[in-house]
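Here the structure is laid out as structure tokens; the discussion comes afterwards.
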Amino acid sequence: NPKGGLCFADKTLTSNGVSPGGDATSGPILRYCGKVPHEGPKTPFAPRLGINYRITPKTVVRAGYGIFFDSAEGREIDDSADIYPYSVRNSLNVTTNASAPKLSNNMFPSYAALGPFPASTLTFLAVIESPNPLNPYVQSWTAGVQREVFRNTTLEANYIGTHAVHLLDRRNIAQPTVIPTDSLAFCQQQVNGQYVNLGTAPCSNASRLPYPNFTNFYIDSDWHGYSHYNAMNIKFEHRAHDLASTVVYTWAQSKDDKSAAAGVGATGSGFQGFMDNHHPELDYGLSDFDVDQRFVASYIYEIPIGRGKKVAGGINRAANLLIGGWETTGIATFQAGFPFGVNATDINGVLNTPSERANIVDGCNIHGSLTQVMQRINPACFSQPGLGTFGNSKRNFLRQPGINNWDMAMSKTFALTERVGFKISGDFFNAWNHHQYSGDTGALIG
């Protein structure tokens with residue numbers, strides 16, 4: 001039905017007075033469509049290939065490729081109460097006969113017949129089952145080289161890439177279509193600050209509904225989400241008697257059209273989240289959880305002073321209680337912040353979008369002309385889009401502050417005998433008291 005309808009799988013509903021619903025003008029809102037949702041294939045092909053080759057006694061190269069199928073959600077949040085036929089709201093009254101004996105078949109009275117399914121109850125559906133579910137899967141490939149550069153010291157470089165398809169998206173396919181470009185000026189006309197043509201087609205939301213039978217939300221479980229991830233990882237590792245240290249640097253980029261089915265994260269709305277649900281590709285950008293650079297260094301250093309060590313190795317046990325047994329540890333983390341965008345107002349709700357984005361002013365330096373303490377972006381570089389138009393800024397094109405954190409510890413072990421001792425340790429979290437800023441909302445009130 002081009003005006004909007006639902007399939008159901010129980011054929012008996014077509015003859016018991018409940019279906020099909022609707023009328024001559026709207027068409028059959030309910031239709032028997034056989035077994036839905038369709039079953040997924042039982043024989044997914046998921047090959048794995050790995051290569052590990054030693055070029056020299058100190059150099060090894062590795063590579064691999066694999067396809068990994070993911071699990072799939074059937075009902076994400078809601079139960080089946082809002083899905084036909086369980087959403088039928090009928091008041092069923094028993095038929096009684098006061099003169100009949102109490103111990104008779106009146107103990108099991110008949111009920112009134114089910115009424116036809118009212119089309120009005122189809123105007124809101126939270127999340128429906130997809131009639132064509134797909135199997136989400138990830139292709140992953142890696143390549144790397146590892147070399148022993150010194151004794152007990154290795155250097156490793158790796159590339160990691162993934163491509164995921166058929167990811168679960170939520171999409172409000174009942175979102176009104178955009179106002180035609182040649183009608184924008186008519187819809188944007190104002191008198192005394194009021195838009196005077198919003199009740200007239202094509203300015204009104206009702207005139208632009210893709211499925212007129214559904215006047216509110218029609219959230220479809222759509223299995224066409226996709227993502228890409230590429231990363232370079234460099235790792236330096238040293239393991240010795242007194243010192244163990246690991247230094248890792250990662251450059252990465254994660255991009256997707258949506259970072260979670262329900263829009264969880266820095267962008268989007270809790271129930272779906274695309275700016276334009278008829279063109280979800282416009283939301284393809286950095287993932288809400290993308291971190292493009294991360295550096296982590298960790299170490300455990302047993303200070304070589306005291307009995308049996310390089311310095312003062314011959315001192316007696318009493319002196320060793322004072323100067324021996326010291327150890328220091330630490331983890332230093334430097335990480336770029338998460339991405340975010342700049343939101344705007346959907347004027348008069350004409351777009352019916354949860355994620356209207358701001359316009360970028362041409363030629364303006366977003367990170368220049370900063371006048372306030374702790375100001376990071378120039379608000380003059382953004383403007384409110386006009387009524388009925390989407391903003392031209394991209395999803396997640398800015399980045400929050402990152403992490404600059406040092407955790408350190410100093411400990412002293414008192415060796416009372418060869419096998420008995422105790423340790424005193426002092427731990428310092430964010431030892432240099434660096435501020436860790438976050439929480440850029442990017443909100444712009446139009």
Over the stretch 328-390, with every protein chain in place, what whole percent of the accessible area is carbon and sulfur at 1.4 Å, could you tell me? 56
Quick one: grab the alpha carbon gyration tensor of the stretch 341-414, order the square roots of its eigenvalues as a ≥ b ≥ c, and give me rounded if a/c is under 1.5, else prolate or oblate depending on whether a/b is larger than b/c. prolate
Fully extended contour minus Cα-Cα distance, from His434 to Val373, at 0.36 nm per residue: 20.3 nm
What accessible area per residue, rounded to a whole number of Å², is obtained for the stretch 288-446 using a probe radius of 1.4 Å? 58
Counting only heavy atoms of the protein chains, get the accessible area per residue of the stretch 162-262 (1.4 Å probe) and round it to a whole Å² value. 47
Over all directions, the stretch 288-446 yields a Cα convex hull whose mean projected area in nm² is 14.6
So the carbon and sulfur contribution to the accessible area of the stretch 182-308, 1.4 Å probe, in percent, is 57
Would you mind computing, in nm to one decimal, how far apart the modelled labels at His228 and Val247 are, each placed 7 Å from Cα along Cα→Cβ? 3.2
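The values are calculated or read from the model by the stated rules, or taken from the named source; none is laboratory data. Predicted model only: the values in this text are computed from it and were never measured. Positions of Cβ are generated from backbone atoms using ideal geometry, with glycine treated the same way; all protein chains shown enter the neighbour counts. With ligands, DNA and RNA removed, areas are computed over all heavy atoms of the protein, side chains included. Shrake-Rupley method; radii C 1.70, N 1.55, O 1.52, S 1.80 Å.
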